[in-house]
Structures are given as structure tokens and as C-alpha cells.
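Bear in mind these aren't lab numbers, they're just calculated from the coordinates by the rules spelled out. None of these values were measured; they are calculated from a predicted model. When we count neighbours, we look across all protein chains shown, and the Cβ atoms used for this are built from the backbone with ideal geometry, even at glycine.
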Amino acid sequence: MSTEHRYVAGSSWLNLLATLGHAYGEVSIERLANVDALREWLDHERLTPAAPVTEADVAEVRAFRETLRPLVLAVLDGRTPEVAPLQVWLDADEPLTAVVRDGRPAAAPPSTLAAALARLARQTVEQLPDAPLRACADDECRLAYLDPGGRRRWCSPETCGVKARVRAHRARARVSPPAPA
């Protein structure tokens, strides 16, 4: 089981959910195990705050992630989500400042981790109403991801898709009668 970060969900707020792998399996994989793992994830998502990241920040990001999970599950299940818990993070939002990064316009880094989480919360409430959201067909994964084309079955064909095809092949091999000699 890999503890490497996965960036297959199509949006930063959904990629945050992927930091807890196999969330619905017997043994989950915590990919935000320490400050270094959090910093790596924040760097990739271009959310690294100006203030140094601490162990307390790791716990805060995990708490935010677990606020997003029931919201996303409610949407996937067709239930009305509870949005009030997001307000704590939305209240820490700060105005965006434009900068040039790699020759293109971009948002300046957030000043604090709270501001970074506020950006994710804002992204969630802005994208979720119209998001083509699906859940990975792998029962152990069930990662929510964006599926604009409406054709994907797995969050990642290279990981969950391959595992599912291998399991199906093995199941067919167990029930198939031996080939005639």
C-alpha cells in the first residue's frame, strides 16, 4: 500500500480527500503522516502558506478533510449535505493577490494555513453545485473525483482500475472449468 500522494481527483479539495487512502477499506492509509508530507501536498497544490507548517497544522488539515468527507458523500448519495461546518474555514478566507508564476497569472500563496484551507473550502462550495462528481468503483477506495466526460469508473485507471481488472480476472479463473486437453 502506497503512502505517496495521489492527485487524480481533478480538484485540490478532492485531492485532499485522497490523503486518506482506502478510507472505506479494512486498513486506511494516512498520507498526511507528518509535517513533511503535508508540506509536499501543499506545495503540489500551490497552497503552501507563508507561515511555517507545524504538527498542529497536520491535525488541522486532517480535521478539515474529515469535514469535507460527509459533505461529498451526501452529494454522491443524493442527500442534502450539511454545509454549516465549512463556515469555520470560510471565515478565514483572505482576498486573493495576483502574481506571475512561471510566466502566467496565479494567486499569491496564502499567508497562513487557515487561509489555505479557506481557499479549499471556497473551491468546494463554488465547484460542488455543478461538479460532475463520481465515486471510484473500487469498494475499498471510493475516492470522489470529477468526471466531466461521464465515462470513468475508477479514480485512476492505473491504480484502482488495474486492481479491479486483476480481481475480476482472478475471480473468473476460479470459477471457469479447466480447458479441455
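Shape class for segment 83-181, computed from the alpha carbon gyration tensor (a ≥ b ≥ c): prolate, with a/c not under 1.5 and a/b above b/c.
Which semi-axes, in whole Å and largest first, does the equivalent ellipsoid of segment 88-128 have when worked out from the alpha carbon gyration tensor as the square roots of 5 times its eigenvalues? Walk me through the numbers before you get to the answer.
Numbers: eigenvalues 81, 31, 10 Å².
Gyration-tensor ellipsoid for segment 88-128: 20, 12, 7 Å.
Distance distribution note for segment 1-105: the fraction of Cα pairs above 21 angstrom is 42%. Computed about the Cα centre, the dipole magnitude for segment 18-111 is approximately 280 debye when only Lys and Arg (+1) and Asp and Glu (-1) carry charge, each at its Cβ. Sites listed here are trypsin sites (Lys or Arg not before Pro) in segment 102-173 whose DSSP assignment is loop and whose Cβ has at most 11 other Cβ atoms within 10 Å: 151.
In order along segment 117-129, the Karplus-derived 3J(HN,Hα) couplings, from 6.51 cos²θ - 1.76 cosθ + 1.60 at θ = phi - 60°, round to 5, 5, 4, 5, 4, 5, 4, 4, 6, 7, 8, 4, x Hz, and Gly and Pro are given as x. Taking the charge dipole of segment 12-175 about its Cα centre, with +1 at Lys and Arg Cβ atoms and -1 at Asp and Glu Cβ atoms, the residue from 67, 50, 150 reaching farthest to the positive side is 150.
Assign unit charges at the C-beta atoms only (+1 for Lys and Arg, -1 for Asp and Glu), then state the dipole size of segment 32-181 relative to its Cα centre in Debye, rounded to the nearest 20. It would help to have the intermediate numbers written out before the result.
Working: 21 positive and 21 negative charges, 230 e Å.
With Lys and Arg at +1 and Asp and Glu at -1, about 1100 debye.
The tail of the calculated P(r) for segment 12-175 beyond 23 Å holds 46 percent of all Cα-Cα pairs.
Report the gain in length on full extension from residue 80 to residue 96: 0.36 nm times residue separation, minus Cα-Cα distance, nm rounded to one decimal.
Value of the extension gain: 2.8 nm.
Positive end of the dipole of segment 1-40 (Cβ unit charges, origin at the Cα centre): among 22, 33, 8, the Cα lying farthest that way belongs to 8. By the Cβ-Cβ criterion of under 4.7 Å, the unpaired cysteines of the chain are 160.
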